[in-house]
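The values are calculated or read from the model by the stated rules, or taken from the named source; none is laboratory data. None of these values were measured; they are calculated from a predicted model. As a convention, Cβ positions derive from the backbone with ideal geometry for all residues, glycine included, and neighbour counts pool all protein chains shown. Just the protein is used for accessible areas: all its heavy atoms, side chains included, with ligands, DNA and RNA removed. Shrake-Rupley method; radii C 1.70, N 1.55, O 1.52, S 1.80 Å.
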Amino acid sequence: STRCEQGVLCDQGDSLAVNVLYRLNPAPSGNAETDRPQLQRLSQGALSESTPSVANDGRILYTRWEYVDKGQLGIKCLWAMRPDGSGSKEIYGNDIQFPPTMLHGRQIPGHSNLFVMLGTPHYPQSGIGTVILADLTRDIRTRDPMNYITPNVDIRQEPGWNQLRDGK
């Protein structure tokens, strides 16, 4: 939700709204007509956290956008947190420049170290890009875990998703 009313740090006009993760808990009495459901903010990031899914172990897998100890690329990678918002931890790609954004991460059911995601440009963040399978038994700070399901598309520039591989 954008209800945190924050703006993206690299946008001087603050026209880009930050979205962070919230959890909607049932009404305390169990009666939604007489009691309002409780909204709990889960993430405290200064920038956007989005595209959540539930991992095999019950944690929330999400894309986190942050600039701590890094430049303008390699800033939107996969993280996970406990359902109560505690224990945020990098899952994959914190220092990888390309693809600059890893969206819609999902853990492969029955596999503790296999994840699928979209590798997309830094902007636009439209979910257009390449489908990547990541084997996290390999070094999570390198491109080594990545296996491209769509091998003719490889994001190697910040603004574009049309970069092709092997001249195809």
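In segment 65-98, which residues are more than 17 Å from Ala134 (Cα to Cα), open to solvent by 30 Å² or more (accessible area, probe 1.4 Å) and at pLDDT 85 or above? Listed by number, the residues that qualify are Arg82, Pro83, Asp84, Ser86, Gly87, Ser88. Of all the residues in segment 108-121, those that are over 19 Å from Asn19 (Cα atoms) and open to solvent by less than 30 Å² (accessible area, probe 1.4 Å) number 3.
For Leu103, the test of being closer than 17 Å to Thr150 by Cα and modelled with pLDDT of 95 or more is failed. Do we find a residue being open to solvent by less than 30 Å² (accessible area, probe 1.4 Å) and modelled with pLDDT of 90 or more anywhere in segment 122-132? Among the residues of segment 122-132, at least one is open to solvent by less than 30 Å² (accessible area, probe 1.4 Å) and modelled with pLDDT of 90 or more, which makes the answer yes. On the given criteria, is Thr150 open to solvent by 20 Å² or more (accessible area, probe 1.4 Å), at pLDDT 95 or above, among the polar types (S, T, N, Q) and on the phi < 0 side of the Ramachandran plot? For Thr150, the condition - open to solvent by 20 Å² or more (accessible area, probe 1.4 Å), at pLDDT 95 or above, among the polar types (S, T, N, Q) and on the phi < 0 side of the Ramachandran plot - is not met. Could you say whether any residue in segment 22-36 is under 13 Å from the mean Cα position of the chain (by Cα) and surrounded by 11 or more Cβ atoms within 10 Å (Cβ to Cβ)? There is no residue in segment 22-36 that is under 13 Å from the mean Cα position of the chain (by Cα) and surrounded by 11 or more Cβ atoms within 10 Å (Cβ to Cβ). For segment 9-58, the set of residues classified as within 23 Å of Ile91 (Cα to Cα) and at pLDDT below 75 consists of Val18, Gly45, Ala46, listed by residue number. May I ask you to verify whether Ile155 is in contact with a Phe, Trp or Tyr (Cβ under 6 Å, 6 or more places away or on another chain), assigned to a loop (DSSP other than H, G, I, E, B), at pLDDT below 80 and not acidic (Asp, Glu)? When the stated conditions are applied, Ile155 passes them.
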